[in-house]
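Student: Here it is, the structure in full.
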Amino acid sequence: MDRTLSQEEIDSVFRSRKDKGQAEDPAKKALPYDFRRPDRIAKDQLRAIHLLHDNFARNLASSLSAYLRAYVVVNLVSVEQLSYVEFSQCLPSPTSLVSLGMKPYDGNAVLEINPTLVFPVMEMLLGGSGKSSAKINREVTEIEQVVLDGLHRIILHDLKQAWHGVAQIDFTIESRETEPQLLQILAPNEAVVAIGLEVRIGDTSGMLNIGMPSIIIKMLRQRFDQQWSVRRSESTLEEQARTLRLIKPAGIRMDARLEGATLLVEDLLNLQVGDVLSFDYPVERPVNILVNGKLKFRGHIAATGRMRAFLIEESCRSAEQP
């Protein structure tokens, strides 16, 4: 049958074929991959890094509070993977920027403290209140960098302690810069783990940013796995014996009590010579013994020589007194 298709019929056929092809095309399910941002660190390791620096934030808050003699709050804001060029572009200019050595590993980390935090802290270190409302946006001078060395020492000490459970890393200051673009310690496309912390001192707040090379953190993957596996594992017999040796010298308080009738203070004050008190505690009823205020045993009062004793007849698993 010879029949010429109309243009509308031809368009309808192409539309149906196109819709069918889109529904079955597996390429539509694929996600684009950006080779400039390689995924070098597993998600579980990234969560471990988050937990590690959350502990670092709490310790740093205590250290800075004692150092500055002011109430300091440090919150972990973010832990993410970025390229070094993206990390540097997120930093303000000018700012206080230092390159950190990570001995015994080859590589450098970056520590940045925002100017909104640097100058109030410097004012407090020089005897001021740190509550100046004027915003200072300039480079840190060499003399001011010397004043900030004490602040850097506290930060690096707490950072070293936070990483102590994973690896012995000695963080040291190798160079200082005020412009992020001038600190070229990594290739622009090199991946880094960016840790952002908010430091709040009274009404003043600012960001403290740390950038660590992903390749070094990836090298420590096995250390992270060992750390968490040790925490999840059960204690060994040697550890149990050590714990027992430590608690053996500890003292406890033991009380044997006759739980019976009660008496009003008024009745107690009215007692006279010759009055008889009748207790409703049978002789055959077991007596409770409390260890540090909790019921542990039942038994009877006994005598050993010329001393009173307690004969244990039953062990009570429940800590609640019946």
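Student: Can you pull the percent of Cα pairs in region 56-131 with separation above 17 Å?
Tutor: For region 56-131, the fraction of Cα-Cα distances above 17 Å is 60 percent.
Student: Then there's this: Under the Karplus relation 6.51 cos²θ - 1.76 cosθ + 1.60, θ = phi - 60°, what is the ordered set of whole-Hz ³J(HN,Hα) values for region 139-148, x standing for Gly and Pro?
Tutor: Along region 139-148, the couplings run 6, 7, 6, 5, 5, 5, 5, 5, 5, 7 Hz.
Student: Using alpha carbons only, what's the Rg to Rh ratio of region 43-232 with Rh from Kirkwood?
Tutor: 0.96
Student: Keeping to pairs on different chains or 8 or more places apart, tell me how many lysine pairs in region 43-232 have Cα atoms under 30 Å apart.
Tutor: So the count of such lysine pairs works out to 6.
No lab work stands behind these numbers, since they all come straight from the coordinates. Fair warning: this is a prediction, and the values are worked out from it, not measured in the lab.
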